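Structure first, commentary second.
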Amino acid sequence: LLSMAAIGACTYVTIQFQFPDNPDLNLLPQSNKYETHRVWAQELLFWEMAKADQGEVYFIWGLTPADTGFSLDPDDESEEVFDTKFNPRTEEAQVYLRDICDEIFEGDRKILIKLSCPMQEFDSWLREQSQSINPTNEYMNNCKGAESVPVPSEVFDSCMIAFDNLTDQYITHENGLVATIAVTGRSNTTRYSSFEDQTEEWQVLETWSENERLNAPEGADGFFQISQDFWLWDTLCNMRESVWKSALIALACASAMILLTSQSVIIMLFSAISIAYVLVASSACLVSLGWTLGFMESILISLLIGIGCDFVLHFGHAYTMFPGVLSKEQRTKRALLHMGPSVLGSAFTTISTAFIMMFTQNTFSRKFAIMLALTIIHSVIGSFVVFLVLCDCIGPSSNCLNQSKQA
């Protein structure tokens, strides 16, 4: 009962793991001159202005969000994947691409600060050129007297490409046809905003996009939104997800190995409970130390998850290795005497190594040492206290593996 209560309390604390307030990766102690310079530079006006700079968000029509590069090779970059269904030439699509900017940048549904809306600027250019005494040659040669959006579909591509060549809008064209159109605006957050604020901003933009795609005319309903400011946010989300997946994978693999070697569901269950205690107790200690789940912490936790399974696996094997039928008390005692000294010796040498690493200048090494020490301490508690006490109280008395061999 105490073990279950401890696991529950540690789990509650672990889920309070917060993301860092800023994306800076600090690898050096504050006493280091390079770290001192970095802290000093953050007090400059330039740095304050950079942190307040709101990022650009792009609503893109004509492309499909895809990654064609090899996922294991960072140098293998993705190629553009054009949306073959994108058709801005119809009157409905042209009017929609013009009026959508009013919903994005103005009115009750305003979600961004306006930077650029190619179709609205194209419409203004047509009105200006059609009323001008001396219109440009580009307008005369490509637009056939079009006065505003929508323009006839047969001259849309040539007219808009001519407009883009003069004004350099967020428009691309391939083989004389308009291929992509991008509406740009500034978000309400920056890359230095809190994780919660960026999550809220992303959800607002994504929810709006999903609803708007349902109302968009055919040929203009395949757009998506993207911003570099969300790259770090997305990376942190994926790293947190990877940490929990790594924990579940380690727990599943350890349980499967115990089940295969002992052929005892009870021992497998005890092992899973003990390993779960090690993982959540170590994480809860990090939360209590005021750590956040940043880049370094996510990497280190993923590395140390495997170490947290080690001692429990040894005791699980030792408990079931004795042939015949023995009482649970005898099996627990023999496992403790047979494997206990080796486990304690391993724990002592590992903690000694971690203690030495705590005096390094590199923040990564010091944090690794702290996490390693905490993991080993809770591994000892999880194996000697949680696992062996469960085995001594309600553990099996027979060796299922040897009985099956004898049969």
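Taking the criterion of being within 16 Å of residue 270 (Cα to Cα) and crowded, with 18+ Cβ neighbours inside 10 Å, the residues of the stretch 329-340 that qualify are 331, 332, 335, 336. Suppose we keep only residues that are free of Cβ contacts under 8 Å to residues at least 24 places away in the same chain and under 18 Å from the mean Cα position of the chain (by Cα) within the stretch 202-223. Which one would you say is farthest from residue 236 (Cα to Cα)? Residue satisfying both the conditions and the ranking: 206.
Looking only at the stretch 76-97, which residues are closer than 13 Å to residue 216 by Cβ and in a helix (DSSP H, G or I)?
First pass over the stretch 76-97, keeping only residues closer than 13 Å to residue 216 by Cβ: 83, 85-88, 90, 92-97.
Residues satisfying the conditions are 92, 93, 94, 95, 96, 97.
May I ask you to verify whether residue 194 is under 24 Å from residue 294 (Cβ atoms) and either surrounded by 14 or more Cβ atoms within 10 Å (Cβ to Cβ) or modelled with pLDDT of 90 or more (or both)? Give the derivation first.
Values: under 24 Å from residue 294 (Cβ atoms): yes; either surrounded by 14 or more Cβ atoms within 10 Å (Cβ to Cβ) or modelled with pLDDT of 90 or more (or both): yes.
Yes.
Only residues that are touching a residue at least 40 places away in the same chain (Cβ under 8 Å) and open to solvent by 50 Å² or more (accessible area, probe 1.4 Å) were counted across the stretch 289-298, and they come to 2.
Out of the stretch 256-271, which residues are modelled with pLDDT under 85 and part of a helix (DSSP H, G or I)? Scanning the stretch 256-271 gives 257, 258, 259, 260, 261, 262.
Conditions tested, residue by residue: (1) touching a helix residue (DSSP H, G or I) at 6+ places or on another chain (Cβ under 8 Å); (2) not in a strand (DSSP E or B).
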position: 165; (1), (2): yes, yes
position: 180; (1), (2): no, no
position: 190; (1), (2): yes, yes
position: 198; (1), (2): yes, yes
position: 206; (1), (2): no, yes
position: 211; (1), (2): no, yes
position: 214; (1), (2): no, yes
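Of 322, 315, which residue is under 39 Å from the mean Cα position of the chain (by Cα) and of a type in the set (Phe, Trp, Tyr)?
Working: 322 fails: under 39 Å from the mean Cα position of the chain (by Cα).
So the residue among 322, 315 that is under 39 Å from the mean Cα position of the chain (by Cα) and of a type in the set (Phe, Trp, Tyr) is 315.
All of 158, 153 fail the test of being touching a Gly at 6+ places or on another chain (Cβ under 8 Å) and in contact (Cβ under 8 Å) with a residue 12 or more places away in the chain, apart from 158. Scanning the stretch 114-148 for residues that are in contact (Cβ under 8 Å) with a residue 24 or more places away in the chain and outside any helix (DSSP H, G or I) yields a count of 6.
Against the conditions (1) modelled with pLDDT of 90 or more; (2) open to solvent by less than 20 Å² (accessible area, probe 1.4 Å); (3) not in a helix (DSSP H, G or I); (4) not polar (S, T, N, Q), residue 111 satisfies every one except (1). Considering 65, 74, the condition of being in contact with a strand residue (DSSP E or B) (Cβ under 6 Å, 6 or more places away or on another chain) and surrounded by fewer than 14 Cβ atoms within 10 Å (Cβ to Cβ) is satisfied by 65 alone.
Each row is one residue, and each column tells you yes or no for (1) over 26 Å from residue 58 (Cβ atoms); (2) open to solvent by less than 10 Å² (accessible area, probe 1.4 Å); (3) at pLDDT below 90.
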site: 87; (1), (2), (3): no, no, no
site: 94; (1), (2), (3): no, yes, no
site: 97; (1), (2), (3): no, yes, no
site: 100; (1), (2), (3): no, yes, no
site: 115; (1), (2), (3): no, no, yes
site: 124; (1), (2), (3): no, no, no
site: 148; (1), (2), (3): no, no, no
site: 163; (1), (2), (3): no, yes, no
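Given the criteria under 27 Å from residue 242 (Cβ atoms) and of a type outside the set (Ser, Thr, Tyr), does residue 297 qualify? Yes: the conditions hold for residue 297.
Pull out all pairs, ordered by first then second residue, where Cβ-Cβ is under 7 Å, the residues are six or more apart or on different chains, the first lies in the stretch 28-52 and is touching a residue at least 24 places away in the same chain (Cβ under 8 Å) and in a helix (DSSP H, G or I), and the second is among the hydroxyl-bearing types (Ser, Thr, Tyr) and exposed (fewer than 10 other Cβ atoms within 10 Å of the Cβ). Sorted first by the residue in the stretch 28-52, then by its partner, the list stays empty. When 274, 283 are screened for being under 23 Å from the mean Cα position of the chain (by Cα) and assigned to a helix (DSSP H, G or I), only 283 passes.
The values are calculated or read from the model by the stated rules, or taken from the named source; none is laboratory data. Fair warning: this is a prediction, and the values are worked out from it, not measured in the lab. Backbone-built Cβ (ideal geometry, glycine too); neighbour counts: all protein chains shown. Heads up: the accessible areas ignore ligands, DNA and RNA and are worked out on the full protein's heavy atoms, side chains in. Shrake-Rupley method; radii C 1.70, N 1.55, O 1.52, S 1.80 Å.
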